[in-house]
Every structure is written in C-alpha cells, then in structure tokens.
Amino acid sequence: MAEQPPIAAPSTQEQNEMSTYGRGLWISYKVDIRTRLRSLLHSVARFLRIMSPSSHDPLEEFKILKRRKTGFASVEGFYTSLLNLYKSAATCRIDHNRWKVTKISTFKSTHGVQHESLLADVVCGEVTVYLRFERKLHKSRVGKLFSNRSKATPKAQTSDESDPSSDNATSPHDPTEPFVTRSLSKYASDEMTYSTILKRVTSGDDECVDVVQFAEGKGLTLPQIAVLAYCVNSMGPDYSLVEENCYWFAFVMGETAKLIETDFTLEKTSRRKRGSWGSLLTTAKPTDELIEKAKFLYNKKWDAFNKDIYDSINNENSEIYQEERRKREEAERLAAEREKQGKEERRKREEAERLAAEREKQGKEERRKREEAERLAAEKEEENKALRAQVAAFLAANGANSSSS
C-alpha cells in the first residue's frame, strides 16, 4: 500500500500557536493591569483555538454525492470529486484516513433476478456511514443485454448510438458524473449511495449473504475503496448479462478488497450463493488471475491518486501552494507587526519607568528640602525662644534694680 502523501507544512503562525500550549505565562508587575489582562485573554483565546476540533464537516467527503433521500453518484464521479476535495486549498487538510471501512457485506435480492450489491460500513469516530456499491444497466443498454461488447458488430453500435435515451437528452448534467453521450449510453452504471441510516440503503428484499469483517484498526480507507470501485469499473465498463453484470462487479470488488487488506474474518450469513439465481450459476466466476489483475490496477491507480494530490499541494503554481504562501506571508507580517508593537510597548514602558523614577527622585528632593526647611524653622524657633528668655531675664533684672534704688 502506498504511503499517504505529505500535505503542505504548517504556516509560521500555526507553528507559533502550536508552541503556546504548555508554555508558562510571564507577567511583569511593572505593566499596568489592563495590559496584563489583555495578554492573558489573548493567550486563552489561542489555547482554545488549538484545542478546538476541526471546523470541517465530518461528512465533508460525502457532500459531493447527489442529494436524494440518500446520496447518489457514479463511482467515477465520486473518485474524481474526492480527488478534487483533497486538492482544494479549503479542504486539503482533511485527514485521508479518518474514515475506515470496518466491514464489507454482500447483499442479494430475494426477488427478481436476485440483484447483488456491496455494503461497506465506513466509520469515523462515533459516526457510521453506509456505502452501497452496485452495478446497474443504463436504460438504453437493454437491447445489448445478450451481446458481448467484443462481439458487437459496427452496425449494432451505430444503431445504438443513433437512438439516444430520452432521459440522457433531457436531464441536466452533473459535473461530478462522467458525461454520458450517445456512444457511452450503453455502458454499465456503477453507482454508489450513502446514508447514516442502514434502512435507507437496503430494502426488505435484500438479504445479507456474507460479511468480511476487518480486524480492529485495519480496513480500507474511504479513498482506497473509492479508488478500488473506480478500477473495477474501468476493467469492465460495459454491461453483459453473462459476464460483467452486477454479480461480477460485486465479486471482483469484494475479492480485491480482501487482497488489499488481508487481516479479516469471513462470515457466511445465508445459504444463498453469490453470482447465482436460485441454484443456477448466472455468471462466469472471475478467475484468480482477474482478481490479481484488479489488485495490480488498483496499486497503480492508488499511487497515481496520491501522487496527484502531492504534486498539487507542492506545485508552486497550485492554489494550495499559493494559499499556503499567502498564509505564511500574512503570518510573517503579523509577527513583524507584533514585534514592532512589542518594541513600542517596551519603549513606552521604559519611558514610564524613567518618568516614575524621576518623579520619585523629585519627590525625595522635595521631601529633603521640606525637612531641611522644617529643621531650620525649628532651629530659628529655638533661637527666638532663647532670645525671648534673655530679654525677659534682662527686663526682670532692671526692674529689681529700679525698685532698690
């Protein structure tokens, strides 16, 4: 299995935010309370951003499916849209491994031609999505049921191409679907539906034939099973009643999945057999060589899928690369602004400290002068008291002399 390609490296701003959690908060008591409170709130906000879950919708990968009661798309359309999702600047950080296929069940209808399909349980955390894969027949293909595509005559092909389906002519084209032209209208319709409710992708006529249960932590990822379905479709794009029909599609896809992930258990849940109508074998069973070929094709397509994503992310002209560079430049600009703002705040703080020191020095000088003035005033008062005492004594002595004479 090919390794998941690395996505673009985190921006400088994101790396700075990552290093915030777990780092001590230094507070200077020389800073005013408003500055300290603002810094604390900023740190808390950054911490909450780091610890908050991804803003991506958990069902983001399935939004590309058509909206009915359940999602619907061709396997080729889903493959292409999933690839574009991982290459988009807005969603390229979605973890490709977050959805895991825990089991694949084969379902067979108990009525009619006993149509077969695969149901994959795809799990992400506490959410389970049920993906149904099946091969159907285009309406305009009915006249070609009994002819193998390799034996079709040019006349038959011309006749088929000259009589397009009215549905194809009037229905709007979905950009996620392969464009169905007259020459393509005879192709098989390999479809997938999804729902978070099991009953919406199964019916009362469906019976589970067997279940492939992958080991804990094992199983295919969502992009892996999308690539696998796309590969099986490309191996047999035409519908043939006795070869590449719904039984063939379900069998090849299920058996190849077991080659991709070999750690599984198989449980038979019904006496019915795959690829049969009642007790009659209705299709030539695919050989081991065909399954190996499907696995080989899957390996090549899986590598190409990952390489396409990697090249898109790391291409200097790509949207993702440009977006990452814009974020990095914006982070650097904000960092420079914060540094400049920090220097200005330090300058103001140092200026405030200098002015405070000067005021303190001036206050001390004023206190010294005041104390000196008080000391001089006290000394003057003492001198005045002494002088008054001398005058009083002198007057008293003169008064006594006058009385005696």
note = Scanning region 237-250 for residues that are under 27 Å from Ile64 (Cα atoms) and surrounded by fewer than 22 Cβ atoms within 10 Å (Cβ to Cβ) gives Pro237, Asp238
ask   = For residues in region 219-236 being in contact (Cβ under 8 Å) with a residue 60 or more places away in the chain and in a loop (DSSP other than H, G, I, E, B), which is surrounded by the most Cβ atoms within 10 Å (Cβ to Cβ)?
value = Gly219
ask   = Going through region 114-136 one residue at a time, which ones are under 13 Å from Cys246 (Cβ atoms) and crowded, with 18+ Cβ neighbours inside 10 Å?
value = Gln114, His115, Glu116, Ser117, Leu118, Arg132, Phe133, Glu134, Arg135
Flag if Glu332 is touching a residue at least 60 places away in the same chain (Cβ under 8 Å) and either under 25 Å from the mean Cα position of the chain (by Cα) or surrounded by 10 or more Cβ atoms within 10 Å (Cβ to Cβ) (or both) = yes
query = Of all the residues that make up region 79-130, how many are among the charged types (D, E, K, R), farther than 16 Å from Val227 by Cα and not in a loop (DSSP other than H, G, I, E, B)?
reply = 4
ask   = Mind checking whether some residue in region 38-60 is buried (at least 19 other Cβ atoms within 10 Å of the Cβ) and either more than 21 Å from Ala215 (Cα to Cα) or at pLDDT 75 or above (or both)?
value = no
query = Only one residue in Ala335, Ala294, Ala352 is assigned by TED's automatic domain parsing to the domain that holds Arg274, part of a helix (DSSP H, G or I) and among the hydrophobic types (A, V, I, L, M, F, W, C), so which one is that?
reply = Ala294
remark   = Across (1) at pLDDT 90 or above; (2) under 30 Å from Arg93 (Cβ atoms), Arg326 clears everything bar (1)
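The values are calculated or read from the model by the stated rules, or taken from the named source; none is laboratory data. These figures come from a predicted structure and were not determined experimentally. Heads up, the Cβs are rebuilt from the backbone with ideal geometry, glycines too, and the neighbour counts pull from every protein chain shown.
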